[in-house]
1. Using only helices, what value at 222 nm comes out for the chain when you add -39,500 (n - 2.57) per DSSP H run of length 4 or more and divide by the total residues, to the nearest 500 deg cm²/dmol?
2. When the convex hull of the Cα atoms of the stretch 552-632 is projected onto a plane and the area is averaged over all directions, what value comes out in nm²?
3. Determine the gain in length on full extension of the stretch Glu204-Arg911; use 0.36 nm per residue of separation and subtract their C-alpha separation, reporting nm with one decimal.
4. Explain nothing, just the number: relative contact order of the stretch 765-867, from Cα pairs under 8 Å at least 6 residues apart, as a whole percent.
5. Given N residues in the stretch 318-397, what is Rg(Cα) / (2.2 N^0.38 Å)?
6. Would you mind classifying the stretch 933-1026 by shape? Square roots of the alpha carbon gyration tensor eigenvalues, ordered a ≥ b ≥ c; an a/c under 1.5 is rounded, otherwise it is prolate if a/b is larger than b/c and oblate if not.
7. Past 31 Å, Cα to Cα: identify those pairs from Lys588/Lys753; Lys516/Lys647; Lys612/Lys827; Lys261/Lys585; Lys516/Lys683, in the order given.
8. So what J values fall out for the stretch 348-364 if you push phi through Karplus, 6.51 cos²θ - 1.76 cosθ + 1.60 with θ = phi - 60°, rounded to Hz, Gly and Pro as x?
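Nothing in this text is a laboratory measurement; each read-out follows from the coordinates by a stated rule. These figures come from a predicted structure and were not determined experimentally. Cβ coordinates were reconstructed from backbone atoms using ideal geometry, including for glycine residues, and neighbour counts include every protein chain displayed.
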Amino acid sequence: MRARLKRLNPATQRIVGEAACIGNRFKLDILQLISHLQRHEMISPLSELLDEGLLSAQGDIEAWLESHDDGPVPELRFAHDRVRQTAYELVDESQQPAQHLAIGRALFAHTPPEKQEECVFDLLHQLNPGAHLIESQTERDTVARLNVIAGQRAKSASAFESALHYFNIALELLGEQAWKRHYELTLNASIQAAEAAYLCGDYERIETLTEAVLGNAHSLLEQIKIHEVRIQACMAKNELRKALNIGLEVLELLGVRFPKKPRTWHILLMLFKTQAAFAGKRYQDLLNLPLVTDPHARSVLRVLARLGSTAYIVNPNLHPLLIFKVLGYAQKYGNSAEYTFAYATYSLLLAGIIGDIDRGYSFGQLAMDLVDRTGARHLEARTVVLFNAFTTQWKRHLRTTLAPLKQAFRSGLSYGDFEYASYSITAFITHAYFAGLPLPEVEREARHYLKATESIHQGTGRNILRLSHQALANQLNKEGSDALTLIGESFDERALQSARAEDKDVTLLCYYGVHKMVMAYLLGEYRQARQHADEVRRRLSNVRAMLIVAIFRFYDSLIQLAIYPDTDFVGQRRILWRVRQNQAKLRKWSRHAPMNFRHKYLLVNAEVLRVKERTVAAMKAYEEAAELACQHEYIQEEALANELAGKFYQTLGQHRIAALHLDTATERYRRWGCHAKLINLSKQTARYRNQPSPPPQGPLSDGLAASRIDLSTLKKALKSIAAEEVHSRMIQHIVRAAVEFTGAQTGHLLLKKPDGHLYVEAEWNIDGEQPQLLQSQRPEDNQRLSLAVINYVRRTRQSIVIHDASQKQQQLPQLHHDSYIAAHSVKSILCMPILTEANDEPELTGVLYLENNRATGAFTEDGFEVLEIIGLSAAGRLELSRKAATDGLTGLYNHDHFRAILSNEFRRARRKNRPLSVIMLDVDHFKRFNDTWGHQAGDHVLREVTRTIQDCCRDSDTAARYGGEEIALILPESDTECAYGIAERIRKRVAERDIHYGGQKLRVTISAGLASLTPAITDETLLLQRADEALYAAKRGGRNRVSAHNTRLELSE
């Protein structure tokens, strides 16, 4: 290419060299200007270049060259950048600067002043290479101004190295006397150059520029920005204490002083003052405060804003005092962009430290809105980080913080806030890890951001990111003790030894300790985990309001409870005290953000109940913790809840249920991607599975054999019991599960009512479609169970397994003589109490009674173990469901439970073509009792009427408070005539009963309406409607009477 250009005409060589100095593309008028040729003189060389294919043209070149008007100027470009580079090399190197300067001067002279800023990069592309040749100081100053403009534009575009280059040239051109000749320009260029040097990591240049500014600036206020750069540079170099000292010294010069050793009382005093100042202030009032105009106040605010994160790490007690000072300025001087940081930090203090989560969250939202209102995009990164890394997790799901934190990183890079860009990605990786995102995905993100942060020179944030990546890599790729040693490509924990000894870089040490304690706990190294937990606990005040505080509280409790059995009595008391402290925090957080903390609280509570040997309550807490963790997508904590539950069941000897939970834990850990934990857990589960199970004692019936129990089906059955909210359906689920999973033929569920007696609520034979609800049948009225066995279990509260009821038993020696046993040829019986915890004592809630009359020894130990799990799962839910299904005033069933029973009875009556009736009863003139005697009298009347109704009902009938003073009855196996007789009996008994209240005898009557099932009634709602119509017919007929729908039977007193 060089030889080819050398063969060109000399005039053509000269013009192609000048064109190369302009650039790859150029306008013909510019080329004419610097070549000093007339248009017609350019025709020959340009034609030669075009013919040779070295240039290409846009526009009619010949027409423009041959004319003398100012029409559209054609544009030329080199055919290839290699052509332009070779042509440029043809120009004598010593002449290149002069050539560029000449081109630059020509361009500048022909560029209108209003266009100079727009064309500044093109101008400086020519002027700067030859700037050292400029002798006139006036021209040097002009070019310096252009470089300052270019530096500002480059800095705004995040081209920080280019910006620093332009600012350095500007300062060089301005010369030694610049501070005297052009003070404002020099001050601006120096500060801008220092900021660009910080963004490029050129700390030596910062020192030089700082010395120049501090030595020449006229006032302290004009030095503030350079002090800000000094603070930022120290922080980037991880010289945090030096950064804080610089800031405090500057604030003192500005007249703002803080205690040298802030105490708690300093914080409380300033907190009370701040809260008093904001008392009664509405959100909109604060948002609409006027903007700060006082320059001294603005300077103070800028320095305080820079010190926030440094004080948080170095001197936690000073940190809130800085924020309170900023907020005080807001009240005195009005709003400022810097208040976005203050409001966001105040939200951190309120939500994460003081505990006023709702108010803290509202101040965080105020900070975000203020960013939009003031357009302070340069503060967006720090505001988003403070809000989402310190406040949002106490109110919203942890995963909602991930996208904003990523955006904060991008914003920080764009606006040069490298400090908070670094913090944002540290928080993002931490939140993603503990939110349960797949570990391979989180590790890839961490690796990506490690590369992305290489050039931003931020010590603390990047060190934490390196630590987090190493912890993730270990869990993905290492096993055994190696997984606990954080030495690898990203991080080497040996470098922390001096920091640990001298208690330096405490934020990094806290992150290190939390990662180590979590990993050690998950891998079963509880003593090592406790050592790290104790270290973190001493430093916890240095990471207040961060997510890792909650993670510490959670895992610290689990670690303490894991070593509880191997600790002496005094140590155990200390453990429980420490766990109570942690639980108090988790309980409060779970009230505001249950999606993040409720399952953690419950899992720790389950472990507490375990060590206290409260088996029933522990089982319920494990299950609920696992369910909530699954619901809110904390897969690693769902896995942990199942793992701990499995180990708990293993200690109880319930190996199959333990296997169910451990299998679930293994599958969840696999989905999470924690390879180290999977290896550890597989070793534990192998040990558990190798433990022998008791041999079966006999064949099983038509139900599922215990040795072939489908564990996933069992878990679904347990979930259906836990999730069911309708009392009647829950009863059916329990009876069905008990029969199916034990190999029984028939099953009965008896529940204790408020009168203290057991009643049969449901029964099922495996030949039937579904369990039948019996509406509180007395056991002695049921001909399908052994009263002797029921009474034994009720009295002893112990389970009993009868392998052959026709033979003499040790526990019930006379059972084989029982008439029921003989009449029904009963062979196998399993009966178990359902117990709940009440005042630390087991309380009988119900009894499960199962029979198999086809085989002796039908109920194996495995089947009994499964029944125990069903009973444990059912116990708490039954008690809660019974209370939820019962009206608190009358003790009758409530409206919802009544409808569920009616629906069941309606289907049964239709399927078997049996009679069914419903009665609606209403107390006459009930409002009069309330108005005359008060609502307590009305309640008393309703209770007495209820007792009378219950006395008149049969065991098979169901009574419920339908609403207000209305009571409804379901009468199975009852036609209209039978139902009418029952309703009339109730009406007479109520009218005859003396009800006393307040020394007065009250006369009470009721009206009743009834309806019976006919072919025309298609659903239970229509049946109720007919009964309701009959009731209102009785009311219209004069009250104190019974009316039957579609009958002429009506009797009045």
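1. Calculated mean residue ellipticity at 222 nm is -20000 deg cm²/dmol.
2. Over all viewing directions, the stretch 552-632 projects a mean Cα-hull area of 4.9 nm².
3. Length gained, Glu204 through Arg911: 245.3 nm.
4. The value is 24 percent.
5. That works out to 0.99 for the stretch 318-397.
6. Note, shape of the stretch 933-1026 comes out prolate.
7. Lys588/Lys753; Lys612/Lys827
8. Along the stretch 348-364, the couplings run 4, 4, 5, 7, x, 10, 6, x, 8, 5, 4, 5, x, 4, 5, 5, x Hz.
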